[in-house]
Structures are given as structure tokens and as C-alpha cells.
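Presented below is the structure to which this report refers.
The values are calculated or read from the model by the stated rules, or taken from the named source; none is laboratory data. From a predicted model like this one, the values you see are computed outputs, not experimental measurements. Glycine also receives a Cβ, built like all others from the backbone with ideal geometry; neighbour counts cover every protein chain displayed.
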Amino acid sequence: MQLSVIILNYNVKYFLEACIKSVQKAIESLDAEIIVVDNNSSDGSKEMMENMFPEITYIFNNYNAGFPKGNNQGVDIAKGKYICILNPDTVVAENTFTSILNHVKNLSDFGIIGCKLIDGSGNFLPESKRGIPTPWVAFTKVIGLYKFFPKSKLFNQYYAQHLSENENGKVAILVGAFMFLERELYLKVGGFDEGCFMYSDDIDLSYLILKEGKQNYYYSEVSCIHFKGESTLKDGTYMNRFKEAMQFFYRKHFSSSFLFDIMMNVGISIFAFKKKTEVVKEKYIPNEYVLLSDKSYDTKEINGISIIELSKYEELNSYLEKNKGNKIEILYDSAAFQYSDYIKLLERFKNYGFTFKLKPINSEFFLGSNDKNDRGEVLSLK
């Protein structure tokens, strides 16, 4: 078998359904399998999976085993030469895996391949590629110095900004939302460390692969949607967990560092001050909805807001070009149009002020998120 796609789920039923359906399209021409590990979800995920996808291999844990252990369980039973660790709140394009499989033929030293991740509005997620988080590098991330000096090697290492989002190349660290590698290599390094703190597991695995003499690669020619991005809530709890994650990684692979603790504490203090002065974004309310589908729906408005129906992809592109800056939400029916075209749509119109919702194939809902800090939204349209 060529490929096993491992999806770890916890209480994101609707996103999981969308993810599985996109993966099914992406593996149609491959000898591949999907393995879903569920960490004791309470939102009906188990019932949904068993009813909708009886052909998929499942592991249903009776407790929340965490990210490292859950993925390790999936890899243990995988049959593919290659595995892809994939978050449940992602959508992949039809050519995602075939493109990567072709790409790795030319990379004899590859360890992990990561792709270009975008959020639910088409914006690039910088965590798609990263550097080794030494104390200084982690400090520049916490206080945001990388934003002000993206070209400076002194400040740009955390998000591997030596590469642009549209360049291919070697990077040290890849994100756990999408990791493509050989199953044998994953097992050789021991997989995810089940003693890891949150936010350090993918860093640790990436670094273990480097220590094996392999190279990790960022592959920009494949874009996938990661609806929730790096973190849903960047609050004080997130920053303390980030600090613990960096401490875990640094002590495991280097040594304890008094300097690291000082720098992280200073960084967290600066972050807390910035959060206090941050303006909370207002909830986005569109002035109109634009539906792209080859079928007509009985519902003609949502919350009193009209729905404009279009049936051709080119019509939608033309309409959006003419309405830049208007508050429009696009409703995209993937039963009639490709996931890859939806991803292209997000990337093309990411700066136009629109929002986007996707209807998975044969589903009864549209879903999406307006930015990487948004928990996501599900709309029903009959």
C-alpha cells in the first residue's frame, strides 16, 4: 500500500466529515487508506463516522489519549509505505498526495514533507514552516520581532522566513497539522514523544528526523486549508503552554537554560501587555451571500440577508472581481466543483474582504472560519 492518512479527532464532527470527504477524493487514484483515531469525542463523531464511512479503519479510545499517543496508535496499524499525519480541521485538494508522491521521487534524503497551509479566508499560515526554537528564536516569536524584520536572519528564524510562502526548500521544523513521511522512519525515531507538552510534539518529531541525517522540506506547490490555524485562542494559557513546550524541547535535546527562562518570562509579560491593549474584532456580518452550486435551494435568504445563486465557477470569479470590498460571504458546493478550485478561490480573493463557507460533498451543511483565531461556523441551507 502506498499511503495511510492518519486523522486524530476530538469533538470536531463537522470539520472531520469535511476532511474525510476531501481526503477520499485525493486518494481515489492511489492504493491508500484512511485511519481515524477518536479521542473519546462527545459530539456524535463516533456515530457519524460509523454511519457515513463504514469502510474506514477506526480506533475509538475511551479516554482522551492526547495528540502524540493518538497518532502513534494510528501509525501502529497503518499499512502504507508513507503516512500523512493530518488534522481533522483540514481540507486537502484532489492532487495533494499525488503531487507530493511525485515530488519525493527527487528527494533521496527527505524526512518530512510539509505543505502550504492557509486559513479559512485564504491567508497563509506561517507555522507551515519553522526553524529550531532556540531560546533567542522562541523569544523573537513570543514578542513578535519576526513581523518587523522578516528579512533579517537574526529575527526571522522561527517561521523559516528565508523561504517565502511560495518557495520550496529545506526547513527544520514542520507543523503537526500536515506531516508526510515514511512510516518506517516514523517508527525508527519512536514517533511522537508521548511525554511531550502541547505545542512541542511536532517540533520534537521534526528534530528527531533531522538527527537521523534526513532533511525536512516545505513544499509550496500544494495548498491545504487548516481552518483553525496555529491556535484557536492566543491567551495567557496558550503562552504558558508555549513556554512549557519550548522548555520541554530545549531540555530534552540540549540542556536546561537559565537564559531561556528569563527570555520567555520577559516575552510573556510583553505579550500580556499587548493583549490588554488589543482591540477585539467585531463579528463579521455579510451584506449578501453568494451561492455557487449546480442545484437550486429553497432557502433564498439567511437571517434576512439575500442569497445570490450562481452556477458557474467563472461567473463567481467575475462577480467577486466587480465587488471588491463588499461584505460578501461565498457559499461553495463541492459536490459540483473541485476542492482545489475552492482553495484557489480563497487564495485569489483573500484580500478582498470576503468570507467563505464550504459544503462538503453530499453533506447538509456549509462550514468555515473567518480567520485562524476563529473557532469556525456551521450553516444549514435546505
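Summed over segment 210-251, residues that are in a helix (DSSP H, G or I) and at pLDDT 80 or above total 2. Name the residue that is surrounded by the most Cβ atoms within 10 Å (Cβ to Cβ), counting only residues in segment 160-172 that are within 21 Å of Phe254 (Cα to Cα) and at pLDDT 95 or above. Ranking the candidates gives Val171 first.
Table: residues versus (1) modelled with pLDDT of 95 or more; (2) of a type in the set (Asp, Glu); (3) surrounded by 15 or more Cβ atoms within 10 Å (Cβ to Cβ).
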{"site": "Asn317", "(1), (2), (3)": "yes, no, yes"}
{"site": "Asn351", "(1), (2), (3)": "no, no, no"}
{"site": "Phe356", "(1), (2), (3)": "yes, no, yes"}
{"site": "Asn362", "(1), (2), (3)": "no, no, no"}
{"site": "Asp374", "(1), (2), (3)": "no, yes, yes"}
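Scanning segment 90-140 for residues that are hydroxyl-bearing (Ser, Thr, Tyr), assigned to a loop (DSSP other than H, G, I, E, B) and surrounded by 22 or more Cβ atoms within 10 Å (Cβ to Cβ) yields one hit, Ser121. Scanning segment 44-65 for residues that are surrounded by fewer than 17 Cβ atoms within 10 Å (Cβ to Cβ), touching a residue at least 24 places away in the same chain (Cβ under 8 Å) and part of a loop (DSSP other than H, G, I, E, B) yields Gly44, Tyr63, Asn64.
Listed conditions (1) closer than 23 Å to Ile34 by Cβ; (2) without any contact (Cβ under 8 Å) to a residue 12 or more places away in the chain are all met by Ala177, apart from (2). Taken over segment 330-382, the criterion of being in a loop (DSSP other than H, G, I, E, B) and hydroxyl-bearing (Ser, Thr, Tyr) is satisfied by Ser334, Tyr352, Ser363, Ser369. Asn72 meets the stated requirement of being in contact (Cβ under 8 Å) with a residue 12 or more places away in the chain and polar (S, T, N, Q). Restricting attention to segment 300-349 and to residues that are basic (Lys, Arg) and touching a Phe, Trp or Tyr at 6+ places or on another chain (Cβ under 8 Å), the residue that is farthest from Phe366 (Cα to Cα) turns out to be Lys324. Is it the case that Ile285 is farther than 30 Å from Asp202 by Cβ, in contact with a Pro (Cβ under 8 Å, 6 or more places away or on another chain) and either modelled with pLDDT of 80 or more or among the aliphatic types (A, V, I, L, M) (or both)? Against the criterion (farther than 30 Å from Asp202 by Cβ, in contact with a Pro (Cβ under 8 Å, 6 or more places away or on another chain) and either modelled with pLDDT of 80 or more or among the aliphatic types (A, V, I, L, M) (or both)), Ile285 does not qualify. Answer yes if at least one residue in segment 285-299 is among the polar types (S, T, N, Q), part of a loop (DSSP other than H, G, I, E, B), under 29 Å from the mean Cα position of the chain (by Cα) and more than 24 Å from Ser363 (Cα to Cα), and no otherwise. Yes: segment 285-299 contains one or more residues that are among the polar types (S, T, N, Q), part of a loop (DSSP other than H, G, I, E, B), under 29 Å from the mean Cα position of the chain (by Cα) and more than 24 Å from Ser363 (Cα to Cα). Scan segment 11-33 for residues that are within 22 Å of Leu367 (Cα to Cα) and either at pLDDT 95 or above or not in a loop (DSSP other than H, G, I, E, B) (or both) and the total you get is 14. Would you call Pro150 surrounded by 16 or more Cβ atoms within 10 Å (Cβ to Cβ) and modelled with pLDDT under 95? Criteria not met by Pro150.
Apart from one condition, Ser318 fits all of (1) in a helix (DSSP H, G or I); (2) under 25 Å from Ser220 (Cβ atoms); the exception is (2).
Each row is one residue, and each column tells you yes or no for (1) in contact with a Leu (Cβ under 8 Å, 6 or more places away or on another chain); (2) farther than 28 Å from Tyr332 by Cα; (3) not hydroxyl-bearing (Ser, Thr, Tyr).
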residue: Ile112; (1), (2), (3): yes, yes, yes
residue: Ser121; (1), (2), (3): yes, no, no
residue: Phe124; (1), (2), (3): yes, no, yes
residue: Gly131; (1), (2), (3): no, yes, yes
residue: Asn156; (1), (2), (3): no, yes, yes
residue: Glu167; (1), (2), (3): no, yes, yes
residue: Arg183; (1), (2), (3): no, yes, yes
residue: Leu187; (1), (2), (3): no, yes, yes
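Residues checked against (1) part of a helix (DSSP H, G or I); (2) surrounded by fewer than 20 Cβ atoms within 10 Å (Cβ to Cβ); (3) of a type in the set (A, V, I, L, M); (4) not assigned by TED's automatic domain parsing to the domain that holds Asn123:
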{"position": "Tyr158", "(1), (2), (3), (4)": "no, no, no, no"}
{"position": "Phe180", "(1), (2), (3), (4)": "no, no, no, no"}
{"position": "Leu187", "(1), (2), (3), (4)": "yes, yes, yes, no"}
{"position": "Gly195", "(1), (2), (3), (4)": "no, yes, no, no"}
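Scan segment 320-328 and give yes if some residue there is within 30 Å of Ile27 (Cβ to Cβ) and not assigned by TED's automatic domain parsing to the domain that holds Pro88, otherwise no. No, segment 320-328 contains no residue that is within 30 Å of Ile27 (Cβ to Cβ) and not assigned by TED's automatic domain parsing to the domain that holds Pro88.
The residue of segment 66-89 that is surrounded by the most Cβ atoms within 10 Å (Cβ to Cβ), among those that are outside any strand (DSSP E or B) and of a type in the set (A, V, I, L, M), is Ala78.
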